[in-house]
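**Q** Quick one: the structure is below, questions incoming.
The values are calculated or read from the model by the stated rules, or taken from the named source; none is laboratory data. Fair warning: this is a prediction, and the values are worked out from it, not measured in the lab. Cβ: placed from backbone, ideal geometry, glycine included. Neighbour counts: every protein chain shown.
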Amino acid sequence: MASSEQKVVLITGCSSGIGLRIAVLLAKDEEKRYHVIATMRDLKKKDKLVEAAGDAYGKTLTLLALDVCSDDSVKQCINSVKDRHIDILINNAGIGLLGPLESIGVDEMKRVFETNFFGMVRMIKEVMPDMKKRRSGHIIVMSSVMGLQGVVFNDVYTASKFAIEGFCESLAVQLLKFNVNLSMIEPGPVHTEFETKMMDDVAKMEYPGADADTVRYFKDVYMPSSIDIFEAMGQSPEDIAKCAKKVIE
Ligand code: NDP
């Protein structure tokens with residue numbers, strides 16, 4: 001249970017990658033300033049987080065199930081912590097989608113928007129009234145450099161992050177009047193499961209109907225150089241976690 005001096009931080013998508021690392025970093029804060037509610041859609045995936053949290057698990061870190069694509073799950077999760085008030089919401093859950101538009105079904109595209117964009121909107125809508133009422137709070141949203149720059153064969157993922165940027169830029173101004181901050185983090189390449197899945201997707205990728213020049217550019221220029229960038233400049237999830245901690249401090 002959070003003490004009254006501790007800030008309650010709810011984080012989405014903590015089963016792996018950046019979300020897991022933010023949860024662990026904040027839960028292990030030396031001054032114990034945070035009580036972390038680490039959420040994930042499938043609690044059977046909790047072992048990695050529990051192991052990384054060590055002694056903090058059950059003390060400054062507790063777990064809750066949350067699927068950001070489900071209205072019921074979001075409401076249930078937020079209702080179950082209502083007595084504690086959420087001081088900081090970190091919208092981290094997200095999925096990628098790589099490939100030529102010709103090979104991607106509309107349902108897959110909708111899943112990306114359901115998770116990355118509407119998942120974030122659902123969470124913000126649910127926590128915002130209490131933050132506004134208390135005239136205090138901070139919402140952090142995990143965007144991406146792809147929220148600022150389009151990237152070949154990432155059309156739908158990029159669009160979902162652009163949507164996030166536009167939404168947050170608009171809402172942030174309205175929230176300021178209530179002393180509620182909204183910040184975005186825009187990571188470049190980060191070494192997580194996200195990256196591994198992207199490479200798997202490339203291996204399985206089919207290009208029927210896609211423009212031959214774009215396919216050639218993607219295979220010969222974009223992918224080799226982006227693998228180089230990942231290897232040379234890719235940040236660790238810990239780096240992004242430290243950045244998130246700085247943003248809320
Ligand atoms: P991971 O794939 O490691 O983590 C994504 C997390 O989101 C997982 O915990 C996953 O859970 C969760 N998630 C997916 N769908 C849902 C859902 N419907 N409800 C709740 N949780 C869900 O990727 P990263 O840590 O790299 O990505 C985290 C964020 O950072 C994303 O928003 C991503 O777009 C962004 N980002 C990542 C970059 C990178 O290079 N890695 C670069 C820029 C931004 P589950 O295990 O159940 O699938």
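**Q** Please report, ordered by residue number, the strands (runs of 3 or more DSSP E) entirely within region 13-124 with at least 1 residues that are in contact with a Leu (Cβ under 6 Å, 6 or more places away or on another chain), of a type outside the set (Asp, Glu) and surrounded by fewer than 17 Cβ atoms within 10 Å (Cβ to Cβ). First the steps, then the outcome.
**A** Working: elements: 34-40, 61-65, 88-91.
Qualifying strands (runs of 3 or more DSSP E): 61-65.
**Q** Enumerate the pairs (first residue in region 162-179 and within 16 Å of Met131 (Cα to Cα); second residue anywhere and surrounded by fewer than 11 Cβ atoms within 10 Å (Cβ to Cβ) and modelled with pLDDT of 95 or more) with beta-carbon separation below 7 Å, excluding pairs fewer than 6 apart on the same chain, so at least 6 apart or on different chains.
**A** Phe178/Arg135; Asn179/Arg135
**Q** Could you tell me whether any residue of region 43-57 is more than 10 Å from the ligand (Cβ to nearest atom), in contact with a Cys (Cβ under 8 Å, 6 or more places away or on another chain) and either at pLDDT 95 or above or within 21 Å of Met184 (Cα to Cα) (or both)?
**A** Looking through region 43-57, none of the residues is more than 10 Å from the ligand (Cβ to nearest atom), in contact with a Cys (Cβ under 8 Å, 6 or more places away or on another chain) and either at pLDDT 95 or above or within 21 Å of Met184 (Cα to Cα) (or both).
**Q** Right, something else. Among the residues of region 87-112, how many are closer than 25 Å to Ile140 by Cβ and more than 16 Å from the ligand (Cβ to nearest atom)?
**A** Matching residues across region 87-112 total 2.
**Q** Given the conditions (1) modelled with pLDDT of 95 or more; (2) away from the ligand (no atom under 11 Å from the Cβ); (3) touching a helix residue (DSSP H, G or I) at 6+ places or on another chain (Cβ under 9 Å), report the number of the one that Val152 does not fulfil.
**A** That leaves (1) as the condition not met.
**Q** Further question on the same structure: Could you go through region 210-221 and let me know if any residue there is in contact (Cβ under 8 Å) with a residue 24 or more places away in the chain, buried (at least 17 other Cβ atoms within 10 Å of the Cβ) and more than 20 Å from Ser103 (Cα to Cα).
**A** Scanning region 210-221 turns up no residue that is in contact (Cβ under 8 Å) with a residue 24 or more places away in the chain, buried (at least 17 other Cβ atoms within 10 Å of the Cβ) and more than 20 Å from Ser103 (Cα to Cα).
**Q** Moving on to the next point. Have a look at Ser136, Ser143 and point out the one that is surrounded by fewer than 19 Cβ atoms within 10 Å (Cβ to Cβ) and of a type in the set (Gly, Ala, Ser).
**A** Working: Ser143 fails: surrounded by fewer than 19 Cβ atoms within 10 Å (Cβ to Cβ).
Every option except Ser136 fails the conditions.
**Q** Looking at region 146-246, what helices (runs of 4 or more DSSP H) fall wholly within it and have at least 2 residues that are closer than 19 Å to Asn92 by Cβ? Write out each step before concluding.
**A** Values: elements: 155-176, 193-204, 212-217, 223-233.
In region 146-246, the matching helices (runs of 4 or more DSSP H) lie at 155-176, 193-204.
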